[in-house]
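*Asks:* Take a look at the following structure, please.
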Amino acid sequence: MKLPEECNTITEIRNEIDNIDKQIIALIGTRFNYVKQIIKFKSNEEDVLARQRYEEVLLKRREWAEKQNLNPEIIENIYKTLVGYFIDEQMKLLNEK
C-alpha cells in the first residue's frame with residue numbers, strides 16, 4: 001500500500017482507494033459474522049433492538065470519527081444504515097429459531 005503522498009497518478013490513487021474499500025467491505029463482512037452469531041444470546045425483539053447498546057454504538061463512533069477528523073454526522077448516518085441492516089438480519093434469524 002502506498003501512502004497518499006507517494007502516489008504519482010490519479011490511477012494510483014484510485015487503485016489505493018479501491019484496495020482500501022475492499023478491506024472495509026471485508027471487515028464489514030467479518031462484523032456481520034459476529035452479528036449473526038450474537039443471535040444465540042438473544043431471545044426476543046427487544047434483545048435484538050438493544051436500544052441502549054445502539055445509542056452507545058452511535059455515540060462511540062461519533063467520538064472515533066472526531067478523532068480522525070471526520071464528520072461525525074456522516075459516520076453516524078453510515079452506522080445507522082449498517083446497524084439497521086444488521087438488526088433486520090437478526091430479526092430474520094430470531095424468527096427462524
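*Asks:* Restricted to the stretch 20-50, and to residues that are in a loop (DSSP other than H, G, I, E, B) and of a type in the set (S, T, N, Q), which residue is farthest from Asp88 (Cα to Cα)?
*Replies:* For the stretch 20-50, the residue satisfying everything is Ser43.
*Asks:* If you don't mind, there's one more thing I want to ask. Under 7 Å between Cβ atoms, which residue pairs at least 6 apart in sequence (or on different chains) link something in the stretch 72-97 that is free of Cβ contacts under 8 Å to residues at least 60 places away in the same chain with a partner that is surrounded by 14 or more Cβ atoms within 10 Å (Cβ to Cβ) and small (Gly, Ala, Ser)?
*Replies:* Pairs found: Pro72/Ala65; Ile75/Ala65.
*Asks:* Looking at Glu63, is it in a helix (DSSP H, G or I), acidic (Asp, Glu) and more than 25 Å from Ile39 (Cβ to Cβ)?
*Replies:* yes
*Asks:* Here's a follow-up. Listed residues Leu94, Leu82; which is modelled with pLDDT of 95 or more, out of contact with any strand residue (DSSP E or B) (no Cβ under 7 Å at 6 or more places or on another chain) and of a type in the set (A, V, I, L, M)?
*Replies:* From the options Leu94, Leu82, the qualifying one is Leu82.
*Asks:* Can you tell me which residues in the stretch 21-31 are aliphatic (A, V, I, L, M) and surrounded by 11 or more Cβ atoms within 10 Å (Cβ to Cβ)?
*Replies:* Ile28
*Asks:* If a residue must be part of a helix (DSSP H, G or I) and either surrounded by 10 or more Cβ atoms within 10 Å (Cβ to Cβ) or of a type in the set (Ser, Thr, Tyr) (or both), how many such residues does the stretch 7-17 contain?
*Replies:* 7
*Asks:* Which one is surrounded by the most Cβ atoms within 10 Å (Cβ to Cβ), of the residues in the stretch 32-54 that are without any contact (Cβ under 8 Å) to a residue 24 or more places away in the chain and within 19 Å of the chain's Cα centre (by Cα)?
*Replies:* Looking at residues that are without any contact (Cβ under 8 Å) to a residue 24 or more places away in the chain and within 19 Å of the chain's Cα centre (by Cα), I get Ala50.
The values are calculated or read from the model by the stated rules, or taken from the named source; none is laboratory data. Bear in mind that the values here come from a model prediction, so they are computed numbers and not experimental data. With ideal geometry, Cβ positions are generated from the backbone for all residues, glycine too; neighbour counts draw on all protein chains shown.
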